[in-house]
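What follows is a single structure, written as structure tokens, with notes after it.
The values are calculated or read from the model by the stated rules, or taken from the named source; none is laboratory data. None of these values were measured; they are calculated from a predicted model. With ideal geometry, Cβ positions are generated from the backbone for all residues, glycine too; neighbour counts draw on all protein chains shown. Ligands, DNA and RNA are stripped out before the accessible areas are found, and what is left, the full protein with its side chains, is counted by its heavy atoms. Shrake-Rupley method; radii C 1.70, N 1.55, O 1.52, S 1.80 Å.
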Amino acid sequence: MEAESKGGIESERGSRSSRKEPQRSRRTPFRSISFMYHDVIDPRDSDSSGFPGRIPARYKIDPPLFERHLDAIAATGRAPGSAISLRSTPKRHGDRPLFLTFDDGGASAMQIAESLSRRNWPGHFFVPVDYVGKPGFLDEGQIVELARQGHIVGTHSSSHPIPISGLPEEQILEEWQRSVSVLKEIIGRSVVTGSVPGGYCSPGVAQAAAACGITVLFTSEPIPTVRELDGCLLLGRYAILAGTTAETAAGLARGDLMLRLRQRVSWKARGLAKFVLGDAYRTLRARRLE
């Protein structure tokens, strides 16, 4: 939902100072291409899965278009993998593993998982646990089924606060701790992946995630560079919107420079607007879309 970022993890002020001073992330030798999807749902019924409203609907893709995305990605010869193995899998120079991620824990995740499983591709499904079992969201049984099928279940915080980076440090830590604990109880295994709700990342947000055992954290910054902070790998993602074409998905999967730069410039412009306007940015954006 509103998968955008206030600014890069190094450019935003951290909010967790008492545990230790927020540090700068360091660049790793890894690079990746990660897609940020949300729900896959008929646009005429978009409120039936995930968060309702016009802003979340911008990130929900029609099922036939999603299938064309997957076909186009497959045609590039690229096979999405699991980010959990990013460190352990040998890399050749120039390798950019591809990861497919799905935020918000909407009920459409089961249909998404079915499409991915037909291709033997893993998906990363990030769940805000306060919404588990609510209308339009995954229930516990469905989350167990996702994990059983070999998909990666990760945290998307507990309450999906926007912006999470503006919370007191204790609250940020609680958001990650509670979510990781609930998901571990549901799936019966440790939860080591996550994505930042709303894309509002900061050094403090990443440090809190690392303190809760998260070793791979997806942001919304459209970059292939993988950075590390406190032992947690930070992966950027390229946003997939309702109107993103299959050709664009294939181009991003191949690492097309112009497509990546286009998202980067747009993201930077939004980050500047958010920095200048503060909370007024979200109000103005919501009014414009409604």
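Just a few scattered comments:
- The residue that is surrounded by the fewest Cβ atoms within 10 Å (Cβ to Cβ), among those in the range 103-128 that are closer than 19 Å to Thr215 by Cβ and touching a residue at least 40 places away in the same chain (Cβ under 8 Å), is Pro122.
- Of all residues in the range 209-249, those satisfying the criterion of being within 19 Å of Val153 (Cα to Cα) and either open to solvent by 10 Å² or more (accessible area, probe 1.4 Å) or in contact with an Asp or Glu (Cβ under 8 Å, 6 or more places away or on another chain) (or both) are Ala210, Ala211, Cys212, Gly213, Thr215, Thr219, Ser220, Leu234, Gly236, Arg237.
- Just one of the numbered conditions (1) under 19 Å from the mean Cα position of the chain (by Cα); (2) open to solvent by 10 Å² or more (accessible area, probe 1.4 Å) is not true of Ala74: (1).
- Which numbered condition Pro161 fails, given (1) free of Cβ contacts under 8 Å to residues at least 12 places away in the same chain; (2) open to solvent by less than 60 Å² (accessible area, probe 1.4 Å): (1)
- Failed item in (1) crowded, with 18+ Cβ neighbours inside 10 Å; (2) touching a residue at least 60 places away in the same chain (Cβ under 8 Å); (3) within 22 Å of Phe51 (Cα to Cα), with Leu183 passing the rest: (2)
- Filter result for Val196 (over 20 Å from Ser82 (Cα atoms), surrounded by 21 or more Cβ atoms within 10 Å (Cβ to Cβ) and touching a Ser or Thr at 6+ places or on another chain (Cβ under 7 Å)): no
- Every condition in (1) surrounded by fewer than 17 Cβ atoms within 10 Å (Cβ to Cβ); (2) in contact (Cβ under 8 Å) with a residue 12 or more places away in the chain; (3) touching a helix residue (DSSP H, G or I) at 6+ places or on another chain (Cβ under 9 Å) is met by Pro168 except one, and the failing one is (3).
- Cross-chain or 6+ apart pairs with Cβ under 6 Å, the range 194-218 first and in a helix (DSSP H, G or I), then aromatic (Phe, Trp, Tyr): Ala208/Trp176; Ala209/Trp176
- Of the criteria (1) within 17 Å of the chain's Cα centre (by Cα); (2) closer than 19 Å to Tyr59 by Cα; (3) of a type outside the set (A, V, I, L, M), which one Thr248 fails: (1)
- Any hit, the range 140-149, residues being open to solvent by less than 50 Å² (accessible area, probe 1.4 Å), part of a loop (DSSP other than H, G, I, E, B) and within 28 Å of Ile223 (Cβ to Cβ): no
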